[in-house]
Amino acid sequence: MKRNIAVIGSNGFVGSAICNEILKFKKFNLIRITRDDDIKELIKPANIVIYSANNSKRYQAKKNPQVDFINTVEQAANIYSIMGNKKIVLISTVSARVQLDSVYGRNRRSCELMLDHSKNLIVRLGPMYGDANYKGALFDILKNKKVYVSENTKYAYVDIKYNAKKIVELLDEIGIVEIGAKNSIELKYLKKILNSTSTFEGPDDTQILVNPPTDAPNSHNVINFAKKIKKSYEF
């Protein structure tokens, strides 16, 4: 019998990648849900609900904390309240552990704390790359733009497709897991290897995973991706 997997935030960068992975399995029936849909109605047949609708824009969270709180914490609380006993897989961020001094990190951690960790799964993701995501420090470097973090920042970059695959593999798990690369890469090294003229200004934004999966890829794979993108597109 097929299991119904609902993905809230199915049009987003992470949500759409998860949907593509779910579609590879005949044992799953995918229910795509966006913020504008009737969530309560659409999740009724779901066995598992993957919640991937939190905004990923940290700068906006800092600029307007109240709006970010409404769009993350309040929204998550409202959605959790209509779930009943359904299992929730919350797509969170490593920032919920390493950036509790920021609005973005605190609000994402609040979304985690509202869930019963003994029944649900929280998946923390670090920095990602993929063909549908042309923003963030990596692309600022490619575009020779100013990067608003320290050049000493280290990111555990990983392909979004890997994260989506692992999330689907872990659907029956509970607790908190962190998914991403097994190591990290320094931004100033990326600048050098990509022949960028970017400058850096801001805090150290290092995001390294705790106990990444045993099959976690090398973060330096991002270099080949970046070179391919640089060659294919004009920045």
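The values are calculated or read from the model by the stated rules, or taken from the named source; none is laboratory data. Worth saying up front: this structure is predicted, and the values here are computed from it rather than measured. Glycine also receives a Cβ, built like all others from the backbone with ideal geometry; neighbour counts cover every protein chain displayed. With ligands, DNA and RNA removed, areas are computed over all heavy atoms of the protein, side chains included. Shrake-Rupley method; radii C 1.70, N 1.55, O 1.52, S 1.80 Å.
Just to be sure I understand the rule: take each whole DSSP H helix in the chain, project its Cα atoms onto its long axis, keep it if the span is 27 Å or more and its mean Kyte-Doolittle hydropathy is at least 1.6. Which ones pass?
Membrane-span-like by this criterion, though nothing is claimed about a membrane: none.
Suppose every K and R has +1 on its Cβ and every D and E has -1 on its Cβ; what is the size of the dipole of the stretch 96-235 about the Cα centre, in Debye to the nearest 20? Write down the numbers at each step before the final one.
Values: 22 positive and 17 negative charges, 108 e Å.
For the stretch 96-235, the charge dipole is close to 520 debye.
Taking amide H positions as placed 1.01 Å from N in the peptide plane, with prolines and chain starts having none, which residues 5 or more places from N4, or on another chain, fall under 5 Å of its amide H?
N29, N47, I48
Would you mind counting up the charge near H117? Only other residues with Cβ under 13 Å from its Cβ, with Lys and Arg at +1 and Asp and Glu at -1.
Around H117, the surrounding residues sum to +1.
Beyond 20 Å, what share of the Cα-Cα pairs of the stretch 1-129 is found? Please give it as a whole percent.
43 percent
Residues of the stretch 133-155 with the amide nitrogen closer than 11 Å to a label point 7 Å from the Cα of T199, along Cα-to-Cβ, please.
146-147
Provide the packing ranking of 58-70, 89-101, 218-230, i.e. peptides ordered by the mean count of other C-beta atoms within 10 Å per residue, highest first.
Going by the mean number of other Cβ atoms within 10 Å, highest first, we get 89-101, 218-230, 58-70.
Please go through the residue pairs K26/K135; K135/K165; K63/K188; K145/K166; K119/K182; K154/K228 and name each one whose alpha carbons sit more than 30 Å apart in this structure. Could you put the intermediate results ahead of the total?
Working: K26/K135 33 Å; K135/K165 22 Å; K63/K188 26 Å; K145/K166 33 Å; K119/K182 27 Å; K154/K228 21 Å.
Going by Cα-Cα distance, K26/K135; K145/K166 fall outside the 30 Å limit.
Can you give me the C-alpha center-to-center distance between the stretch 134-150 and the stretch 159-214, rounded to a whole angstrom?
The distance from the Cα centre of the stretch 134-150 to that of the stretch 159-214 comes to 16 Å.
With the dipole of the stretch 1-139 worked out from charges on the C-beta (+1 for Lys and Arg, -1 for Asp and Glu) around the Cα centre, which of T72, G136, P45 lies farthest toward the positive end?
P45
What dipole magnitude, in Debye to the nearest 20, does the chain give about its Cα centre under +1 on Lys/Arg Cβ and -1 on Asp/Glu Cβ?
With only Lys, Arg, Asp and Glu charged at Cβ, the dipole is about 500 debye.
Which aspartates and glutamates have a Cα lying under 17 Å from the Cα of K227, excluding residues fewer than 8 positions away in the same chain?
Partners within reach: D131, D140, D159, E186.
Read phi for every residue in the stretch 23-40 and hand back ³J(HN,Hα) as whole Hz from Karplus 6.51 cos²θ - 1.76 cosθ + 1.60, θ = phi - 60°, with x for Gly and Pro.
Computed from phi, the couplings for the stretch 23-40 are 5, 6, 10, 6, 6, 10, 10, 8, 10, 7, 9, 10, 4, 7, 7, 7, 4, 4 Hz.
For the chain, how big is the tail of P(r) above 24 Å, as a whole percent of Cα pairs? Before the final figure, lay out each step's value.
Numbers: 12403 of 27495 pairs.
Here the long-distance tail beyond 24 Å is 45 percent of all Cα pairs in the chain.
Using +1 on the beta carbon of Lys and Arg, -1 on that of Asp and Glu, and nothing else charged, what's the dipole of the stretch 17-83 about the Cα centre, debye to 20?
For this selection, approximately 300 debye.
Tell me the carbon and sulfur percent of the accessible area for the stretch 22-98, rounded to whole percent, probe radius 1.4 Å.
Values: 2120 of 4360 Å².
Carbon-and-sulfur percentage of accessible area, whole number: 49.
With a probe of 1.4 Å, find how much accessible area the chain has per residue, and write the answer as a whole number in Å².
So the chain comes to 51 Å² accessible per residue, rounded to a whole number.
Could you work out the helix-only [θ] at 222 nm for the chain, with each DSSP H run of four or more residues adding -39,500 (n - 2.57) and the total divided by the number of residues, to the nearest 500 deg cm²/dmol? Don't skip to the end; give the middle numbers.
On the way: 11 runs with 82 residues, N = 235.
Mean residue ellipticity at 222 nm (helix-derived): -9000 deg cm²/dmol.
In terms of modelled amide H atoms, which long-range or inter-chain residues lie less than 5 Å from the amide H of G126?
The answer is V94, I179.
HN-Hα J couplings of the stretch 150-155 from phi, Karplus 6.51/-1.76/1.60, θ = phi - 60°, integer Hz, Gly and Pro as x?
Whole-Hz 3J(HN,Hα) from phi for the stretch 150-155: 5, 5, 7, 4, 10, 10.
Over the chain, what is the relative contact order in whole percent, taking alpha-carbon pairs under 8 Å and six or more residues apart?
On the way: 445 pairs, mean separation 41.5, N = 235.
Normalised by residue count, the contact order of the chain is 18 percent.
Dipole of the chain (Lys/Arg Cβ +1, Asp/Glu Cβ -1, origin at the Cα centre): which of H117, N55, G180 lies farthest to the positive side?
Towards the positive end, the residue furthest out is G180.
How many percent of the accessible area of the stretch 128-235 is carbon or sulfur, using a 1.4 Å probe?
48 percent
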